[in-house]
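Okay, structure first, notes after.
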Amino acid sequence: MSTSTTGAKRLGSSSGNPLIRAEGIWKIFGKNADRVIGTADAELSRAELRTKTGCVAAVRNVSFEVWPGEVFVVMGLSGSGKSTLVRTLIRLIEPTAGRVEIDGHDVTQASRDELLQLRRHTSSMVFQHFGLLAHRSVIDNVAFGLEVQGKSKAERLARAGEVLKLVGLEDAANQFPNELSGGMQQRVGLARAFAVDPKVMLYDEPFSALDPLIRRDMQDEVIRLQHETGKTMVFITHDLPEALRLGDRIAIMRDGRVVQLGTPEDLVGSPADDYVSNFVRDIPRSHVLTLRWIMREPAAGEADGPTLDVSTTVRNAVPVIAASERPVCAVENGRVVGVVDKEAVLMAIAGEGD
């Protein structure tokens, strides 16, 4: 499995400790599932394993870390194991084997009461189906998690009002869910998840039922909220453009395994195998690759050309590079870290449209 981390995160830092650490997670459904792990049967294909043992391996030996403030995306086709994986993180589905640690606490060894506290205070989950309470107003829906936590009515309504303002729904506070559009209902779902001020936000394909325009608006909303709040997010999707748009790092799953884990640039610029290549082949490289990916060390006298931030995409850098007789300087924190010339741009976009 590739674990390259080329490129800079929008938010998040790999200093200190990861907020989430998953080690060797397995989830096998079926009788005597725990006996499969560690045997030759564990290496069988999904179909072969089912035929031989009656078991289905949904997640196979998956490990990863998520850093504070990071948007970590897990993507794959239907049946790849991505939704099962995210549910094992807070034991909505019990892993067959492996260890999960969130904010320094061993989730896999947690008692029932400790799990309840984790789900109420440390994590919030947003599903595809909003799960709003039809008989409650919008503000009462948003405040529901705080009610479960035992907060006073005045405290939870004040907090719910703040979060509704954050998602732009303060004018809908006294409406009911059936009076709202699908996109507005999903905003209420986001507000409810944010209201308890969790350390980790878990999204399980939350926008897949929305039409494309509303879906893009909701992606914009998640990006904005993440930048404003700095929340750590684990986002599940089957949609590659959505993954590339949201993710600081992306894990691509196939048949229960992670086949590549890296930044959007890693996946588009250096796919690990043919499976990943097929996923990304229709993605314009110039829209994803940045100057960081294509820059080289400056030669003597080359560090005085036009400057662009190192995170600038090739697409947005092209006008400046094309207009300059000198290589463009890629700058990070006020310091030149590399240069990019026309040849590098041509090589970077080679193959687009193939």
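The values are calculated or read from the model by the stated rules, or taken from the named source; none is laboratory data. These numbers were taken from a predicted model, which means no experiment stands behind them. Positions of Cβ are backbone-derived with ideal geometry, glycine not excepted, and every protein chain shown enters the neighbour counts. Ligands, DNA and RNA are stripped out before the accessible areas are found, and what is left, the full protein with its side chains, is counted by its heavy atoms. Shrake-Rupley method; radii C 1.70, N 1.55, O 1.52, S 1.80 Å.
Considering 193, 243, which residue is modelled with pLDDT of 90 or more and either assigned to a helix (DSSP H, G or I) or within 23 Å of residue 287 (Cα to Cα) (or both)?
Checking each option against the conditions leaves just 243.
I'd like the residue in the stretch 270-310 that is in a helix (DSSP H, G or I) and in contact (Cβ under 8 Å) with a residue 40 or more places away in the chain and, out of all such residues, is nearest to residue 245 (Cα to Cα).
Only one residue tops the list, namely 288.
Does the stretch 136-155 hold any residues that are open to solvent by 10 Å² or more (accessible area, probe 1.4 Å), touching a residue at least 24 places away in the same chain (Cβ under 8 Å) and not aliphatic (A, V, I, L, M), and which are they?
Of everything in the stretch 136-155, those that are open to solvent by 10 Å² or more (accessible area, probe 1.4 Å), touching a residue at least 24 places away in the same chain (Cβ under 8 Å) and not aliphatic (A, V, I, L, M) turn out to be 136, 137, 144, 145, 149.
Hey, could you check the stretch 156-183 for residues that are in a helix (DSSP H, G or I) and of a type in the set (Gly, Ala, Ser) and say which is most open to solvent (accessible area, probe 1.4 Å)?
Selected residue: 158.
In the stretch 69-92, which residues are among the hydroxyl-bearing types (Ser, Thr, Tyr), assigned to a loop (DSSP other than H, G, I, E, B) and open to solvent by 10 Å² or more (accessible area, probe 1.4 Å)?
78
Assess whether residue 251 counts as being modelled with pLDDT of 90 or more, exposed (fewer than 15 other Cβ atoms within 10 Å of the Cβ) and hydrophobic (A, V, I, L, M, F, W, C).
For residue 251, the condition - modelled with pLDDT of 90 or more, exposed (fewer than 15 other Cβ atoms within 10 Å of the Cβ) and hydrophobic (A, V, I, L, M, F, W, C) - is not met.
Does the stretch 327-349 hold any residues that are open to solvent by less than 10 Å² (accessible area, probe 1.4 Å) and within 28 Å of the chain's Cα centre (by Cα), and which are they?
Of everything in the stretch 327-349, those that are open to solvent by less than 10 Å² (accessible area, probe 1.4 Å) and within 28 Å of the chain's Cα centre (by Cα) turn out to be 330, 348.
Conditions (1) under 16 Å from residue 141 (Cβ atoms); (2) within 17 Å of the chain's Cα centre (by Cα); (3) touching a residue at least 24 places away in the same chain (Cβ under 8 Å), marked per residue:
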site	(1), (2), (3)
181	yes, no, yes
190	yes, yes, yes
198	no, yes, yes
203	no, yes, yes
221	no, yes, yes
229	no, yes, yes
240	no, yes, yes
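Find all pairs meeting these conditions: Cβ atoms under 6 angstrom apart; at least six residues apart or on different chains; first residue within the stretch 327-340 and more than 9 Å from residue 310 (Cα to Cα); second residue open to solvent by 10 Å² or more (accessible area, probe 1.4 Å) and acidic (Asp, Glu).
Here the result reads 327/302; 327/341; 339/302, each pair linking the stretch 327-340 to a residue that is open to solvent by 10 Å² or more (accessible area, probe 1.4 Å) and acidic (Asp, Glu).
Out of the residues in the stretch 93-139 that are under 21 Å from the mean Cα position of the chain (by Cα) and in a loop (DSSP other than H, G, I, E, B), state the one that is modelled with the lowest pLDDT.
130
Does residue 236 satisfy the condition of being in contact with a Lys or Arg (Cβ under 6 Å, 6 or more places away or on another chain), in a strand (DSSP E or B) and open to solvent by less than 50 Å² (accessible area, probe 1.4 Å)?
yes
Quick one: count up the residues across the stretch 311-334 that are at pLDDT below 90 and either in a strand (DSSP E or B) or acidic (Asp, Glu) (or both).
Total meeting the criteria: 1.
Please specify each residue of the stretch 299-326 satisfying the condition of being open to solvent by less than 50 Å² (accessible area, probe 1.4 Å) and under 24 Å from residue 266 (Cα atoms).
308, 310, 312, 313, 314, 317, 321
The rows are residues; the columns are (1) modelled with pLDDT under 90; (2) surrounded by fewer than 19 Cβ atoms within 10 Å (Cβ to Cβ); (3) in contact with a strand residue (DSSP E or B) (Cβ under 7 Å, 6 or more places away or on another chain).
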site	(1), (2), (3)
24	no, yes, yes
38	yes, yes, no
49	no, no, yes
52	no, yes, no
60	no, no, yes
67	no, no, no
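Would you confirm, using the coordinates I've provided, whether residue 219 is open to solvent by less than 10 Å² (accessible area, probe 1.4 Å) and either closer than 19 Å to residue 74 by Cα or in contact with a strand residue (DSSP E or B) (Cβ under 6 Å, 6 or more places away or on another chain) (or both)?
Taking the combined requirement at face value, the residue does not satisfy it.
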